[in-house]
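Each remark here refers to the structure printed beneath this line.
The values are calculated or read from the model by the stated rules, or taken from the named source; none is laboratory data. Computed from a predicted structure; not experimentally measured. Glycine also receives a Cβ, built like all others from the backbone with ideal geometry; neighbour counts cover every protein chain displayed.
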Amino acid sequence: MGFLSVLSMAHKLVKERAAIGDTVIDATCGNGIDTQFLCELVGPRGTVYAFDIQAEALERTRLRLLGGREAESDEVMADRMAKLQLVHASHAEMDKQVAADAHGKVAAVMFNLGYLPGADQSVITTTEGTIAALAAAIALLRKGGILTVVLYPGHPGGAEEADAVTRFASELPQQLAQAVLYRMAQKAEAPYLLAIEKR
Ligand SMILES: C[S@@+](CC[C@H](N)C(=O)[O-])C[C@H]1O[C@@H](n2cnc3c(N)ncnc32)[C@H](O)[C@@H]1O
């Protein structure tokens, strides 16, 4: 039968902790797969913030949410996108970009690190920016809220970033948050999942 993929495990952990009407964040929207999952999870009464530093990623996400129909009317789009805030900025700025009244109330923040497939692979998440964003994300979460991070130790620079993120999580005070890893024990280079639940 096999184990769940890291992406499916991230979705499972988020689904167990976020619900209709919640505010949630996709910190690296890329192709929009996680953004779409979050939009369906929280429904039209919820709010989804989707961050990316590449305009192309935001556009791919917008098109995915429209079901790939580029010529969709503005009214239909407004209807379907009402709960979605596409933010062309680094996730390191999320505390400034998320509405003040949502601070401490966010149910889930999802990170999927690395580069946008099929785009410029030199544009990748960085250790410094990711650690700053993780700290901001934990502050934004409500108690019982979850942060998931998919890490890629297999690409250049990815192992250093993955090590720094794992160390950051291991040093979090246990009264603030609980952190777990979901990882293939026999494949050091395989992507793995870090999940942090705020207490
Ligand atoms: C692996 S992709 C994300 C895949 C995405 N979750 C999906 O479902 O398709 C990583 C994304 O992170 C973005 N990124 C890199 N640095 C970033 C930053 N500082 N803030 C936000 N996004 C960033 C990249 O542009 C890229 O689109």
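Overview of results
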item	result
Pair list, Cβ under 6 Å, 6 or more apart: the stretch 8-36 residue under 23 Å from T125 (Cβ atoms), other residue among the basic types (K, R)	N31/R60; G32/R60; G32/R64; Q36/R64
Odd one out for Y49, checked against (1) crowded, with 18+ Cβ neighbours inside 10 Å; (2) within 9 Å of the ligand (Cβ to nearest atom)	(2)
Filtered residues of the stretch 96-123 (kept if out of contact with any helix residue (DSSP H, G or I) (no Cβ under 8 Å at 6 or more places or on another chain) and either β-branched (V, I, T) or within 12 Å of the ligand (Cβ to nearest atom) (or both))	Q97, Y115, P117, G118, D120, Q121, S122, V123
Residue tally, condition among the hydroxyl-bearing types (S, T, Y) and assigned to a loop (DSSP other than H, G, I, E, B), over the stretch 1-30	2
Looking only at the stretch 78-126, and only at residues there that are of a type in the set (K, R) and modelled with pLDDT of 90 or more, the one that is nearest to T47 (Cα to Cα)	K105
Among the candidates L151, L176, residue that is modelled with pLDDT of 95 or more, closer than 24 Å to A18 by Cα and away from the ligand (no atom under 16 Å from the Cβ)	L176
